[in-house]
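Structure first, then comments.
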Amino acid sequence: MLRIGDVMHTEVIAVQQDATVPRARMLMRFHRIRHLPVLAGRQVVGVVAQRDIGPVFFPFAPGEMFGDDVQMTQLCAADVMTAPAVTLPPTATIHRAENLLRDHRIGCIPIVENGALVGIVTESDLLAQLGHRVPPEHSHHRPRKSAVAH
């Protein structure tokens, strides 16, 4: 049976909980990722996703206020993260990860071993694995018949 450790990304971009939201956003854009594990020291305490940051930036112009007179540039990862993080060890099965992603409606799972972040697995990673598990005779998409007369 395939384990998370077999498919996880081991080069993980993460931020400390006191990292500013603009810094988190910059890292996501630069590395073209949608999720950042948030750390307190070495321990995973949450996850910042693109959807967590979007509401902070898009309803307001630069310099406008957010919430109770706090400028959005002063917000940190801990202010917008989803916590606690749902984590798994590298020995967990892919099936377990699929269930957690679906049940918690999350897009990634930080992988933790001995209390430290060692990897991350995303929906996209698991969908790619699903594609590898489809038998070749079922992997070709059949075009749909057109309902429009030519």
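A few points about this structure:
- For V112, the amide hydrogen comes within under 5 Å of the amide hydrogens of L88, V118, counting only partners 5 or more places away or on other chains and with H modelled in the peptide plane.
- Once backbone amide H atoms are built at 1.01 Å from N, A85 has G46 as its partners under 5 Å, excluding neighbours fewer than 5 places away on the same chain.
- Scanning residues 5 or more positions from L75 or on other chains, those with amide H under 5 Å from its amide H are V21, with H placed 1.01 Å from N in the peptide plane.
- Karplus-derived HN-Hα couplings along the range 8-21 (A = 6.51, B = -1.76, C = 1.60, θ = phi - 60°), whole Hz, x at Gly and Pro: 6, 8, 9, 8, 9, 8, 9, 10, 6, 5, 8, 5, 6, 4
- Per-residue ³J(HN,Hα) for the range 75-85, Karplus 6.51 cos²θ - 1.76 cosθ + 1.60, θ = phi - 60°, Hz, x for Gly and Pro: 5, 10, 3, 4, 6, 10, 6, 8, 9, x, 6
Quick note: the coordinates plus some simple rules give every number you see, no bench work behind them. Keep in mind the model is a prediction, meaning the values are calculated, not measured.
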